[in-house]
């Protein structure tokens, strides 16, 4: 399985509703994209203070690397990804992606 972890720096003007809409758009991909098993999202709750401004994030669980790779190029994911890039503070600079094989 692959855990696709995405952390977001949102602009100060972003509301909770704005962030929830982005999460909803990613969650809506689950029935569309084969091998997308699970989706979890929420604000950072770590007390360590090491988030470097990445206060929001989500994790998508995939069957395997092939399912993750198909997701990355799927036209519906590309649309959602563009929305996320446009919404974050600094565009791509406001996104951190980290994939784990578990």
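Could you pull out which residues in the range 50-72 have an amide N less than 15 Å from a spot 7 Å beyond the Cα of residue 40, following the Cα-Cβ vector?
57-62
With an 8 Å Cα cut-off and a minimum separation of 6 or more residues, compute the relative contact order for the chain in percent.
48 percent
Ranked highest first by average number of other Cβ atoms within 10 Å, how do 93-101, 81-89 line up?
Answer by packing, highest mean first, reads 81-89, 93-101.
Using just the alpha carbons, could you tell me how many Å³ per residue the convex hull of the chain encloses?
Cα-based convex hull of the chain, divided per residue, equals 95 Å³.
What nm value, rounded to one decimal, do you get for the distance between residue 12 and residue 70 when each label is placed 7 Å out toward the C-beta?
4.5 nm
Over all Cα pairs of the range 57-102, how is the pair count split among 5 Å bins, expressed in % and running from 0 up to the last occupied bin?
5, 19, 26, 27, 17, 7, 1
Between residue 50 and residue 97, with labels modelled 7 Å along Cα→Cβ, what's the label distance in nm to one decimal, could you check?
Computed distance between label sites residue 50 and residue 97 equals 2.4 nm.
Taking the Cα atoms only, what angle lies between the long axis of helix 16-27 and the longest principal axis of the chain, rounded to 10 degrees?
So the helix axis and the longest Cα principal axis differ by about 10 degrees.
Sort the following peptides by mean Cβ neighbour count (other Cβ atoms within 10 Å, averaged over residues), highest first: 12-18, 23-29, 70-76.
Packing proxy ranking, top to bottom: 23-29, 70-76, 12-18.
Between residue 59 and residue 85, what length in nm is gained on full extension when 0.36 nm per residue of separation is reduced by their alpha carbon distance?
7.7 nm
Rounded, prolate or oblate: which fits the range 1-50 when a ≥ b ≥ c are the square roots of the eigenvalues of the alpha-carbon gyration tensor, with rounded for a/c under 1.5 and prolate only if a/b beats b/c?
Verdict is oblate for the range 1-50.
Computed from the coordinates by the stated procedures, all read-outs in this text should not be read as laboratory data. All values reported here derive from a predicted model rather than from experimental measurement. When we count neighbours, we look across all protein chains shown, and the Cβ atoms used for this are built from the backbone with ideal geometry, even at glycine.
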